[in-house]
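The values are calculated or read from the model by the stated rules, or taken from the named source; none is laboratory data. Predicted, not measured: the structure shown is a model, and the values here were computed from it. Heads up, the Cβs are rebuilt from the backbone with ideal geometry, glycines too, and the neighbour counts pull from every protein chain shown.
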Amino acid sequence: MKVCGVDLNSNDANLCLLSLEDELFQLPDFRSRRLTLPGTHSASDLRYFQQTFAKLMQDYKVNKVVIRQRPMKGKFAGGAVGFKLEAAIELIAGLDVIILSPADIKESIKRNPIAVPFAETGLKAYQETAFNTAYAYLMQAKYAD
């Protein structure tokens, strides 16, 4: 199963492709670590972002996209552009998208600690939240009752 973890931050979607095959985690080569909403955030910009994201998922045969949920209000609330990006991803036809709460991610990682230090994965620091999101989902799916 190939999962793309997504962490939405401002007008960026930080991405991490992670797969679980024969009980081993793989970090396949992935041509994009981050997608940015270009321009003025108009409808045509959103369509371009959506098409680019859809093509990336199709090219890499991603089974599931897991987006880290952001609070709607409060100190760490997500911005309007981030929610536009989330909606654009969720509305891609044929793409299986779920939203995973930070509490679920934390609980999953607590139950199934990551065996390798993040610095040794070869990923960029800004991809860590996306990696944790994908990892937590794969652990939940693997150990689902």
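Observations
- Scan of region 70-89 for residues that are surrounded by 18 or more Cβ atoms within 10 Å (Cβ to Cβ) and either of a type in the set (Val, Ile, Thr) or under 25 Å from MET139 (Cα atoms) (or both), ordered by number: ARG70, GLU86, ILE89
- Here is the figure for region 1-26: residues that are farther than 15 Å from LYS64 by Cα and in a loop (DSSP other than H, G, I, E, B) total 4.
- Number of residues in region 117-135 that are touching a residue at least 40 places away in the same chain (Cβ under 8 Å) and either out of contact with any strand residue (DSSP E or B) (no Cβ under 8 Å at 6 or more places or on another chain) or not polar (S, T, N, Q) (or both): the value is 9.
- Only residues that are touching a residue at least 60 places away in the same chain (Cβ under 8 Å) and not in a loop (DSSP other than H, G, I, E, B) were counted across region 59-82, and they come to 7.
- Residue satisfying all of: in region 119-137; farther than 13 Å from GLU107 by Cα and among the aliphatic types (A, V, I, L, M); surrounded by the most Cβ atoms within 10 Å (Cβ to Cβ) among these: ALA134
- Checked against the criterion of being farther than 24 Å from ALA144 by Cα and basic (Lys, Arg), the candidates LYS64, LYS55 yield just one match: LYS55.
- Across region 23-48, the qualifying residues are those that are surrounded by 11 or more Cβ atoms within 10 Å (Cβ to Cβ) and at positive phi, and the one among them that is modelled with the lowest pLDDT is GLY39.
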